[in-house]
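Beneath this line is the structure, given in structure tokens, with notes to follow.
The values are calculated or read from the model by the stated rules, or taken from the named source; none is laboratory data. The shown structure was predicted, so the numbers you read here are calculated from the model rather than taken from an experiment. All Cβ positions, glycine included, derive from the backbone under ideal geometry; neighbour counts span all protein chains shown. To get the accessible areas, we keep the full protein, side chains included, count just its heavy atoms, and leave off ligands, DNA and RNA. Shrake-Rupley method; radii C 1.70, N 1.55, O 1.52, S 1.80 Å.
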Amino acid sequence: MISAARSAGRRTLLRPSTRSLPPISTRCFAAPATDETTPIKATFSANEFPERDEAPAITRSSAANIQIKKEPNRASSPPYSVSSSRRIGPVPPSSVPANVPLQSLEIPETKMTTLSNGVRVGSMETFGQVSTLGVVLDFGSRYESDRFVDPSTNQVVSTAGVNHMMELLAFQSTQAHSGMEIQNILENIGGVTFATSSREQMMYGVDVLRPNTKQAFDLLGETVRTPMVYESEVEAMKQVIEFQLMDMNPQILLGEGLQMAAYGKIDGELQQLGRPHFCTLENLQNITTQSVHAFREKYLLHKPQGIVVAGSGIAHDALVDLAESNFGHIQSIPETDSSKAIPSIYTGGEYRLQTPPNPNPAIKKEEFTHIAIAFEVGGWHSPDLVPVCVLQTLLGGGSSFSAGGPGKGMYSRLYREVLNRYRWVESSEAFASFHVETGLWGIQGSSNAEKSGELARALVENLLILADQVVTDEELDRARNMLKCNVLTQLESRLVLFEDIGRQILTYGKREDAASMCAKIDAVTKENIREVVRKAIVKPPTLSTVGVDIEKVPKLEDIVRWLGSGGKRNSWF
């Protein structure tokens, strides 16, 4: 009522009132009703009901006087009913595995089987209703080449960027199904697919309800063994890659540049680990269906020993049967020198990429200069692997605004000594990447272009402090506990567990259990941390810079000079 009066009062100024008005103190709807059905009279101001000479009559009704009009029966719309096949009853559907007593459950452990042709199968049961299964393959972008000899035709083709293309072509048309049919089948069985590639390995996987594992894995087997790779699909994925390159994250560009500079050219030739992982615009035009088929034939179709079938949340015997039916028939051929990995030699170097400014004015104000400084460490088989992981956790870091709960990472070294100390730092974080024969460890950060020089000095200063002084017991305990927590927490994820099983078996030939991993983490000492840093910083550094304005970023020679004179300085600030 009051809102209606206020809405109507907006027209009062258009036509002045000719009636006499009561005093202001009486201009309200204050007349009480004497009976439930007696109209309520009230005085009103000139700002209310301008079209009336008196207030409207308002009646009150009791709930007993309200009658609800019933809708007539409609024969055309019968009441909704649930089919008997979908009705919840005392007997569960046959597709749902029956619950078993707790005493009969086995402690989950990794089981491994090798098929007669060399394909390895590894799995761990989780006793859940959803399974994750797939394959991890022993090839990646390091095996690409600008001049690749097709094993079938002996023609020279370019395979640069093929792994990026194969990642996007996953679960498209095969010899048995079209791409649309595969998508429809996956939707009907509730399957979610994924594919990812790296410099050394490729992975295909599917997450699906346990009763549908066979149907899902058969589709995965088709996309790995017999993809059609039509020209139309390749051209469509080329457009996708172009869009990806247009909006590439600066952090990805920074990592790509770091890898290319760390393993620079030798005698004018690209090293395997120094090749770009993502397809570049220059290489995109050279990718054809022949490039994809030639690469697959050399590194996949005749290399069963490079295939690992992994699964989490599935019985091991069932996964072995699926692996046997899909990959047990692949025959191996003798491996040639050209199909083996050529060890890459760490050179160190500098990579500088000046990106064009973003046309969006809102984003343009937040464009930062990104810097990364790295050194060589050991690879997957190095005894320094675990100490480097503890060191990375100890340094920690993050962004100036970091979600995840109060205090997340606030006690790490880089958070205390860089982010909290210098308000102009946007982000600062330690990183590590590992390969078979070598690895990289370092610190990256970002800030406004005007402060990029000071940011580089702050990163170098923290590196020198690690080499000069041992870390405190408190820092070491916190880093070890945090690393163990991160490892164990991530392994609770079914997808992470599947990936960990496949990659460990492909890299080491076995899977290390959580207890042994935690024991290795606990064995890391303060002296191990300092020794790792000292061995790293005596090698040539690698500097990578990405940003719109990189003029104030120091050159590689400046970084080398700062590292060499580290013992003579007190502080740069």
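Brief remarks follow.
- Pairs linking a residue in region 526-548 that is touching a residue at least 60 places away in the same chain (Cβ under 8 Å) and part of a strand (DSSP E or B) to a residue that is among the aromatic types (Phe, Trp, Tyr) and open to solvent by 10 Å² or more (accessible area, probe 1.4 Å), with Cβ atoms under 6 Å and 6 or more positions apart or on different chains, are SER544/TYR351.
- Checked against (1) within 30 Å of the chain's Cα centre (by Cα); (2) surrounded by fewer than 16 Cβ atoms within 10 Å (Cβ to Cβ), SER312 passes all but a single condition, namely (2).
- Test result for THR489, hydroxyl-bearing (Ser, Thr, Tyr) and open to solvent by 70 Å² or more (accessible area, probe 1.4 Å): yes
- Selected residue (criterion: least open to solvent (accessible area, probe 1.4 Å)) from residues of region 407-444 that are hydroxyl-bearing (Ser, Thr, Tyr) and within 16 Å of SER544 (Cβ to Cβ): SER428
For every residue, the table says whether it meets (1) under 30 Å from ALA294 (Cα atoms); (2) in contact with a strand residue (DSSP E or B) (Cβ under 7 Å, 6 or more places away or on another chain); (3) surrounded by 17 or more Cβ atoms within 10 Å (Cβ to Cβ).
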residue: PHE327; (1), (2), (3): yes, yes, yes
residue: SER332; (1), (2), (3): yes, no, no
residue: PRO359; (1), (2), (3): no, no, no
residue: HIS370; (1), (2), (3): no, yes, yes
residue: ALA374; (1), (2), (3): no, yes, yes
residue: TRP380; (1), (2), (3): yes, yes, no
residue: PRO383; (1), (2), (3): no, no, no
residue: VAL390; (1), (2), (3): no, no, yes
residue: LEU395; (1), (2), (3): no, yes, yes
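- Qualifying residue in region 511-528 (condition: under 27 Å from GLN444 (Cβ atoms), among the polar types (S, T, N, Q), open to solvent by less than 40 Å² (accessible area, probe 1.4 Å) and at pLDDT 95 or above): no
- So GLY128, is it among the small types (Gly, Ala, Ser) and closer than 21 Å to GLY306 by Cβ: no
- Residue satisfying condition, being assigned to a strand (DSSP E or B) and open to solvent by 20 Å² or more (accessible area, probe 1.4 Å), within set THR153, THR132, THR113: THR113
- Residues in region 546-573 that are at pLDDT 95 or above and touching a Leu at 6+ places or on another chain (Cβ under 7 Å) were compared, and the one that is surrounded by the most Cβ atoms within 10 Å (Cβ to Cβ) is VAL546.
- Residue that is nearest to the chain's Cα centre (by Cα) [pool: residues in region 165-205 that are polar (S, T, N, Q) and assigned to a helix (DSSP H, G or I)]: GLN183
- Region 489-500, residues that are part of a helix (DSSP H, G or I), of a type in the set (A, V, I, L, M) and touching a helix residue (DSSP H, G or I) at 6+ places or on another chain (Cβ under 6 Å): VAL496
- The one condition from (1) surrounded by fewer than 17 Cβ atoms within 10 Å (Cβ to Cβ); (2) touching a residue at least 12 places away in the same chain (Cβ under 8 Å); (3) within 20 Å of THR174 (Cβ to Cβ); (4) more than 25 Å from the chain's Cα centre (by Cα) that VAL240 does not meet is (4).
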